[in-house]
Structures are given as structure tokens and as C-alpha cells.
Amino acid sequence: MDCIFCKIVAGEIPSARVYEDDEIVIFKDIAPKAKIHLLCVPREHFAHLAEADAGQGEMLGRALLKIASLAPALGLGEGYRLVVNQGESAGQTVPHLHIHILGGERLGWD
Ligand code: AMP
Ligand code: ZN
């Protein structure tokens, strides 16, 4: 499959990984929109929450809890923002579901 995040998960494209397990990989966004900008990507390819089955939903729940437990070690102890862009009009450019993790500074909200 011609998916850039599948290739990153498979190690076919380099990335700056900060965490991985059997379900997710977390790596640095190549074009950071905050001082710290990470992407949490399920190993399994699917594009949208609407496609997720119950097992994938549980995996995403575990991913959120993992992000929370890793946050202090990732430099996000003061707070962070999670974003999931869904669809072109929301700004989704990579059709492999991913959670943006933003922080490392005070984030605006306008
Ligand atoms: P989205 O617009 O929500 O689909 O987010 C895609 C994100 O992937 C953007 O923030 C890009 O900067 C990031 N991105 C694209 N290619 C790479 C790459 N090779 N390594 C790391 N991040 C990437
Ligand atoms: Zn993929």
C-alpha cells in the first residue's frame, strides 16, 4: 500500500521515533506546529474513526492512555493537545489515522 505512515511504521522511511509498541508508533512530525509536535500512529492502516471496529476503538483508547503516561517523559508534563484531523476539509493530508500531540509551550486557542 502506498501510504507514507505505513512505510514509516515498517521502517521503510526514516522517522525520529520516540516510542513504539506492538500497536502504535510515536514519532516527531517533520513540520512541527508547536515546540513539541509528535504523531501517534496505529501500526494498522485505517484512515478514519468511522471505519474503526470495536477492537480498533479499544486500541485507540489504549493509545490515549499510553500518551498520557508518556507525557512527562516526552517533555509534555505542563500540558499538551491531542488533535485528530478527519477528512480533507479538516486538514487531513495523510489517510492513515494519526493523533497529533502538541505541546512544549503555551498553546493558543482561537
Ligand atoms: P494531517 O494533516 O492531520 O494528515 O497530518 C499529517 C502530518 O504528517 C503533518 O503534520 C505532516 O507534517 C506530517 N508528516 C508528513 N510526512 C511526514 C514524515 N515523513 N515524517 C513525519 N511527519 C510527516
Ligand atoms: Zn497506512
Original post:
Taking a ≥ b ≥ c as the square roots of the eigenvalues of the Cα gyration tensor of region 22-110, is the shape rounded (a/c under 1.5), prolate (a/b larger than b/c) or oblate?
Top reply: oblate
Original post:
Once amide H atoms are built 1.01 Å from N in the peptide plane, which residues 5 or more positions from Phe46, or in another chain, come under 5 Å H to H?
Top reply: Leu97
Original post:
Just checking the chain: which Cys have no other cysteine's beta-carbon under 4.7 Å?
Top reply: Cys40
Subject >> Heavy-atom accessible surface of the chain: percent carbon and sulfur, 1.4 Å >> reply: 55
Original post:
For region 60-110, what class follows from the C-alpha gyration tensor (a ≥ b ≥ c being the square roots of its eigenvalues): rounded when a/c is under 1.5, otherwise prolate if a/b is larger than b/c, else oblate?
Top reply: oblate
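Going through region 1-47, which trypsin sites (Lys or Arg not before Pro) have at most 13 other Cβ atoms within 10 Å and a DSSP loop state? Please report the intermediate quantities before stating the final value.
Numbers: sites: Lys7, Arg17, Lys28, Lys33, Lys35, Arg43; in loops: Lys33, Lys35, Arg43.
Passing both the DSSP loop test and the Cβ count: Lys33, Lys35.
Once a ≥ b ≥ c are taken as the square roots of the eigenvalues of the Cα gyration tensor of region 1-41, is the result rounded (a/c under 1.5), prolate (a/b larger than b/c) or oblate (a/b not larger than b/c)?
On the way: a/c = 2.21, a/b = 1.42, b/c = 1.56.
Oblate, because a/c is 1.5 or more while a/b does not exceed b/c.
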Original post:
So who's got an amide H within less than 5 Å of the one on Val25, skipping anything under 5 residues away but keeping other chains? H placed 1.01 Å off N, in plane.
Top reply: Val41, Arg43
Original post:
Pick from Ala52, Ala90, Ala63: which residue has the top mean-square fluctuation in a GNM of the chain where Cα pairs under 10 Å get a spring?
Top reply: Ala90
Original post:
In degrees between 0 and 90, to the nearest 10, how far off the longest principal axis of the chain does helix 54-70 point, with axes built from Cα atoms?
Top reply: 30
Original post:
Under a point-charge model restricted to the Cβ atoms of Lys and Arg (+1) and Asp and Glu (-1), what is the dipole moment magnitude of region 4-103 relative to its Cα centre, in debye to the nearest 20?
Top reply: 440
Subject >> Solvent-accessible heavy-atom area per residue, rounded to whole Å², over the chain at 1.4 Å >> reply: 60
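The values are calculated or read from the model by the stated rules, or taken from the named source; none is laboratory data. The shown structure was predicted, so the numbers you read here are calculated from the model rather than taken from an experiment. A quick note on method: Cβ atoms are made from the backbone with ideal geometry, for glycine too, and the neighbour counts reach across all protein chains shown. Heads up: the accessible areas ignore ligands, DNA and RNA and are worked out on the full protein's heavy atoms, side chains in. Shrake-Rupley method; radii C 1.70, N 1.55, O 1.52, S 1.80 Å.
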